[in-house]
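Taking it in order: structure first as structure tokens, then the write-up.
Computed from the coordinates by the stated procedures, all read-outs in this text should not be read as laboratory data. This is a predicted model, so every value here is computed, not measured. Because the Cβ atoms are built from the backbone with ideal geometry, glycine has one as well, and the counts that use them run over all protein chains shown.
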Amino acid sequence: MIEVLNLTKKFNGLTAVDNISFSVEKGETLILLGTSGCGKTTTLKMINRLIEATSGKVFIEGKNIQDQKPEELRKQIGYVIQSIGLFPHYTVEQNVAIVPNLLKWDKKQTVSRTRELLELVGLPPDDFLKRKPEELSGGQQQRVGLARALAADPSVVLFDEPFGALDPITRRQIQKEFINMESLLQKTMILVTHDVFEACELGDKICLMDEGKIKQIGTAKELIFSPQNDLVINFFQANRFQLELMVLTLKDIMEDIPKKEYKGEAVQDFYENARILDVLEAMENTPQKEPILRIKSCDNKKIFQTTSEGIMTAFYEKRAK
Amino acid sequence: MNFIEFIFTHQEEIIEQTGEHIGLTVVALAIAIFFGLPLGMMLTRYKKFSPSVLGVIGIIQTIPSVALLGFLLPLLGIGVTPAIVALFLYALLPIVRNTYTGIEEVDPAVREAAKGMGMSDLQILFKVELPLAVPVIFAGIRTATVINVGVATLCALVGSGGLGEFIFRGIALNNVYMILAGAIPAAILALFFDMILGLLQKFIRQLIKPILILSSLVIFVIIPFIIVPSFFVHPFTAGFTAEFMERSDGYCGLKKVYNLSMNTVELDPGLMYQALKEKKVDVICGFSTDGRIRAFKLKVLKDDKHYFPPYHVSPLVRGETLRKYPVLHEMFSKLADLITDKKMTELNFRADYKKEPPTKIAEDFLTQIGFEVKKNKKGKADIIIGSKNFTEQYILAHIFKQLIESHSDLSVELKTGLAGTKICFDALINEEIDLYPEYTGTGLHVILKADKEISNTILRDEKKVYNFVKKESKKRYDLEWLQPLGFNNTYALMMRESQANKLDIETISELEYFLKKSD
């Protein structure tokens, strides 16, 4: 758990971060979202003391970060950056083992942990352990970067635009894996990005920042459907349609789906907590002309059928409200 | 004797000098690495000092080697110590700057990641920045090595040995083989070091530790052996120029005639007097009209066995120039026998001690003997006057220039400061200069390389020497020796007046007696 209280940073009289407070629960992912220069990276770096705060406090697992040596603090926090920063003179194995070695882990333990982590990020250890960073693609490098951050099993991980340098296809793939990675489920994470889709995709909560201040903090659904000010509205405006499809689930529009009888077999089943965007995408990829789908409630009690058209009708209905 | 024979007969000396050369280079380099690497690292941590520190080291780099050796002479004396210090200073810049740049150029993302993972500043320096900067640092060491091999030749000027000895003797004596015997091994050494370091570059990450260990070994083990003795042991030493050491009327003959044996070191002619004054040496081979004799309170030892041949100065002119401007004959005849030994010493003294410019000294002199001096001739030079690189020659060149320009329509350009007889003479033969002041004795031994028999028969008679060189130069090179100016600037051994008086030494024979006694 991370608690940030009245955090402020001034650079030569200019206020980069202006008295912000938020907290991230254990296992939760908070997105710091905003345009460049809004103070999101500065906020992140104040948490592992790469930048020292002008005033305010940060507690990690209840401990004030000022009470620890910066080096000791950072060894307990995973840190992933956009430019990755793998050591070019180290092999993949040595790169992943940096923090365990700093913590003077037993050699055997470090070796088995390194293998385990590479498996976890989808890089077969036997192929990759002895490679140098220059022999890896950008996506592979960022996987190693992630493995390196997780090496000593920190409870808190900070991400600074981790997928920013990747091409769109690799980025989407790694984002998907990221969501499904079990070892990340228990981590308390803060992720900085300027990409609204990434924010909605990865965040449990989003903290939208502008000029060093928090404009709104809440779930993606809250920010999109109940914005608190014009800035929040404007920030999502350009991609609103797609974002709405992303944050709404079948359950949200269930009552507006026209109740009709369909003839024929349903091609696919969806639970009611599926995102509309995912459902529509899945239906697009079936060979049938007007495929029928089946929606189940999470307890498997209610089942009914509809088509893409039915879902779109309900979606527009919901938007109108 | 051809070059190959020369190499074989001088084999031992070449090997010895090459050894000294390598020693100087490697020791200086080790010290430079030992101090340069940490200094470069420190600068990356205290960046505000880096422009000033790198600036100072850069300025040192621009000081000409001979000037730097001159600065070091009063502090460190002569021999190996000042040479190593000079080489160290020259090697410092590439090493410090490359260390600094190499570390600065490490990808900031790598540094941020290292810091973000909890590495301390020292861990980042030694585990990340330094290993990544090694190729750049190594390139700096390589540059420093090649610079050092080159500069080490100049260190022969302060008596530190090395291949420079051959080169400077060769230049002084107009002996191409001797120059090559020093220059070729020096060039090969530079290429060899560069090649070896180039090969090692591949294994550099494994090598950087042994290199550091070796360089600290050199510092703590070898240096004391070189430097400490030089502070304690100070025998009666003679500092001679490379030219004097080798030429037939120099030290070799002197040894035989006076049965003399001394500790000798080779010194640059410009640094020699200072070295004597600073008590770094006890005897030097000066010139009898040098102004510094008076300025530094030196005593010229009497040549009681008349060993040194006459060195009367004359303008040495190309025959073609004379035919083109016959007026030169008449003009220089006005100057004949007008400058006495005493007069020349005074003129030199004014330049060396009172720091008056040669132009003014020349003008005063000409006015004093009743010549009108007109100034500021412009336009294309009709005549180019050269000179060697010591005071007397500068003054004479200016006297010649003002004399010609005041009494004819000819305009004169000066090319002064040519380093040694060989360079002056070659310039004359290649028509790059038209005339320069030359000494009859030098003409006899160095330019004409007269046989022993001939030189022995005429050596004691200044007239005969003059007539011989005049006739032979005309015949062989179409060069004309105009009338002598009067004074005789011969070689002379000199000591500090105070020491000579204390030891009661007046003549070279007495010096020989003293040396034999103190042995």
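In whole Hz and in residue order, list the ³J(HN,Hα) couplings for the stretch A:130-146 that follow from phi through the Karplus curve 6.51 cos²θ - 1.76 cosθ + 1.60, θ = phi - 60°; x for Gly and Pro.
8, 7, 9, x, 5, 8, 10, 6, x, x, 5, 4, 5, 5, 4, x, 5
By what distance, in whole Å, do the Cα atoms of chain B stretch along each of the three principal axes, largest value first?
Taking the Cα atoms of chain B, the three principal extents are 89, 62, 46 Å.
Take the alpha carbon gyration tensor of the stretch A:1-77, find the square roots of its eigenvalues, order them as a ≥ b ≥ c, and report rounded if a/c is under 1.5; if not, report prolate when a/b exceeds b/c, else oblate.
Judged from the Cα gyration tensor, the stretch A:1-77 comes out oblate (a/c at least 1.5, b/c at or above a/b).
Over 5 Å intervals from 0, what percent of Cα-Cα pairs in the stretch A:248-320 sits in each interval?
3, 17, 31, 28, 16, 4, 0
Give me the angle, in degrees from 0 to 90, between the Cα long axis of helix A:168-180 and the longest principal axis of the Cα atoms of chain A, rounded to the nearest 10.
90
Report, to the nearest 10°, how far helix B:65-76 tilts away from the longest principal axis of the Cα atoms in chain B, using its own Cα long axis and a range of 0 to 90°.
Around 80 degrees separate the two axes.
Of the DSSP beta bridges with both residues in chain A, give the percent that are antiparallel, rounding to the nearest 5. List each step's numbers first, then the result.
Details: 25 of 48 bridges.
Looking only at bridges with both residues in chain A, the antiparallel portion is about 50 percent.
Using a/c under 1.5 as the rounded threshold, could you call chain A rounded, prolate or oblate? The axes a ≥ b ≥ c are square roots of the C-alpha gyration tensor eigenvalues, and prolate needs a/b larger than b/c, oblate otherwise.
Numbers: a/c = 2.36, a/b = 1.42, b/c = 1.66.
Oblate, because a/c is 1.5 or more while a/b does not exceed b/c.
Would you please name the trypsin sites (Lys or Arg not before Pro) within the stretch A:199-308 that are DSSP coil residues with at most 13 other C-beta atoms within 10 Å of their C-beta?
Details: sites: A:Lys205, A:Lys213, A:Lys215, A:Lys221, A:Arg240, A:Lys251, A:Lys259, A:Lys260, A:Lys263, A:Arg275, A:Lys289, A:Arg294, A:Lys296, A:Lys301, A:Lys302; in loops: A:Lys259, A:Lys260, A:Lys263, A:Lys289, A:Lys301, A:Lys302.
For trypsin sites (Lys or Arg not before Pro) across the stretch A:199-308 that sit outside H, G, I, E and B with at most 13 neighbouring Cβ atoms in 10 Å, the list reads A:Lys259, A:Lys260, A:Lys263, A:Lys289, A:Lys301, A:Lys302.
Would you mind calculating the relative contact order of the stretch B:3-232 from Cα pairs under 8 angstrom and at least 6 residues apart, reporting the percent as a whole number?
Details: 274 pairs, mean separation 67.0, N = 230.
That works out to 29 percent.
When the Cα centres of the stretch A:234-288 and the stretch B:236-263 are compared, how far apart do they sit, in Å?
Each part's Cα centre sits 107 Å from the other's.
Taking chain A as a Gaussian network, where each spring joins two C-alpha atoms under 10 Å apart, which residue of A:Asn285, A:Asn95, A:Asn180 fluctuates the most?
A:Asn285
Assign unit charges at the C-beta atoms only (+1 for Lys and Arg, -1 for Asp and Glu), then state the dipole size of the stretch B:3-232 relative to its Cα centre in Debye, rounded to the nearest 20.
Numbers: 12 positive and 13 negative charges, 170 e Å.
With only Lys, Arg, Asp and Glu charged at Cβ, the dipole is about 820 debye.
Take every Cα-Cα distance within the protein assembly as shown, group them into 20 Å bins from 0 onward, and report for each bin the whole-number percent of pairs it holds.
Bins of 20 Å from zero give 12, 29, 20, 15, 15, 7, 1 percent of pairs.
Within chain A, what's the longest run with no GluC sites (Glu not before Pro) in a DSSP loop and at most 14 other beta-carbon atoms within 10 Å? Give the range, please. If you can, show how the numbers build up before the last one.
Values: sites that count: A:Glu25, A:Glu52, A:Glu61, A:Glu261, A:Glu265.
Between exposed loop sites, the widest span is A:62-260.
Taking the Cα centre of the stretch A:2-245 as origin, sum charge times position over the Cβ atoms of Lys and Arg (+1) and Asp and Glu (-1), and report the length of that vector in debye to the nearest 20.
Numbers: 30 positive and 32 negative charges, 117 e Å.
It works out to roughly 560 debye.
P(r) for the stretch A:42-133: what percent of alpha-carbon pairs falls in each 10 Å bin, starting at zero?
Per 10 Å bin, starting at 0, the Cα pair percentages come out as 14, 39, 30, 16, 2.
Relative to the longest principal Cα axis of chain B, at what angle does helix B:462-477 sit, 0 to 90 degrees, rounded to 10?
70
How high is the relative contact order of chain B? Use alpha-carbon pairs under 8 Å, at least six apart in sequence, and give a whole percent. Don't skip to the end; give the middle numbers.
Details: 822 pairs, mean separation 86.0, N = 519.
Across chain B, relative contact order equals 17 percent.
So for the stretch B:3-232, taking the charge dipole from beta-carbon charges (+1 Lys/Arg, -1 Asp/Glu), which of B:Thr153, B:Leu54, B:Ile184 sits furthest toward the positive end?
B:Leu54
How many angstrom lie between the C-alpha centres of the stretch B:118-167 and the stretch B:443-519?
Their Cα centres are 45 Å away from one another.
How big is the charge dipole of the protein assembly as shown about its Cα centre, in debye rounded to the nearest 20, if each Lys and Arg gets +1 on its Cβ and each Asp and Glu gets -1 on its Cβ?
Numbers: 100 positive and 102 negative charges, 237 e Å.
In total the dipole reaches around 1140 debye.
Using Cα centres only, tell me the gap between the stretch B:365-407 and the stretch A:170-214 in whole Å.
A separation of 87 Å, based on Cα centres.
Taking a ≥ b ≥ c as the square roots of the Cα gyration tensor eigenvalues, with a/c under 1.5 meaning rounded and otherwise prolate when a/b beats b/c, else oblate, which class fits the stretch A:153-215?
Oblate is the answer for the stretch A:153-215, as a/c is 1.5 or above yet b/c matches or exceeds a/b.
Mind checking the stretch A:1-69 for trypsin sites (Lys or Arg not before Pro) that DSSP puts in a loop (not H, G, I, E or B) and that have at most 13 other Cβ atoms within 10 Å? Walk me through the intermediate numbers first.
Details: sites: A:Lys9, A:Lys10, A:Lys26, A:Lys40, A:Lys45, A:Arg49, A:Lys57, A:Lys63; in loops: A:Lys26, A:Arg49.
Answer by residue number: A:Lys26.
Please give the FRET efficiency for A:Lys107 paired with B:Glu13, using the beta carbon to beta carbon distance and R0 = 51 Å, rounded to the nearest 0.05.
Details: r = 59 Å, r/R0 = 1.15.
So, using R0 = 51 Å, E works out to roughly 0.30.
If you consider only alpha-carbon coordinates, what radius of gyration and Dmax does the stretch B:3-232 have, in Å?
19.6, 69
Picking from A:Phe270, A:Val24, A:Phe197, whose Cα lies most toward the positive end of the charge dipole for chain A (charges on Cβ: Lys, Arg +1; Asp, Glu -1)?
A:Val24
Which FRET efficiency value, to the nearest 0.05, is calculated for B:Lys342 and B:Thr62 with the Förster distance at 45 angstrom and r the Cβ-Cβ distance? Let's see the in-between values first.
On the way: r = 41 Å, r/R0 = 0.91.
Once the sixth-power term is evaluated, E becomes 0.65.
Where does chain B land at 222 nm, in deg cm²/dmol rounded to the nearest 500, when only DSSP H runs of n ≥ 4 count, each adding -39500 (n - 2.57), divided by all residues?
On the way: 25 runs with 315 residues, N = 519.
Mean residue ellipticity, 222 nm, calculated: -19000 deg cm²/dmol.
Defining a contact as two alpha carbons under 8 Å apart and six or more residues distant in sequence, what relative contact order in percent does the stretch A:100-203 show?
Numbers: 72 pairs, mean separation 26.0, N = 104.
Once divided by the residue count of the stretch A:100-203, the mean separation gives 25 percent.
Want the number for B:Lys464 to B:Glu356: 0.36 nm per residue separation, take away the alpha-carbon distance, what's left?
Working: separation 108, 0.36 × 108 = 38.88 nm, distance 3.65 nm.
Going from the current span to full extension adds 35.2 nm.
For the stretch B:4-33, which GluC sites (Glu not before Pro) are both in a DSSP coil and crowded by at most 13 other Cβ atoms within 10 Å? Mind showing how you got there, number by number?
Details: sites: B:Glu5, B:Glu12, B:Glu13, B:Glu16, B:Glu20; in loops: none.
Counting only loop positions with at most 13 other Cβ atoms within 10 Å, none of the GluC sites (Glu not before Pro) in the stretch B:4-33 qualifies.
Among A:Val92, A:Ser112, A:Ile77, which residue has its Cα positioned farthest towards the positive end of the charge dipole of the stretch A:57-130, with +1 placed on the Cβ of Lys and Arg, -1 on the Cβ of Asp and Glu, and the dipole taken about the Cα centre?
It is A:Ile77.
To check my understanding: the extent here is largest minus smallest coordinate of the Cα atoms along each principal axis. What are those three numbers for the stretch B:313-489, in Å, largest first?
Here the spans come out as 48, 35, 28 Å, largest first.
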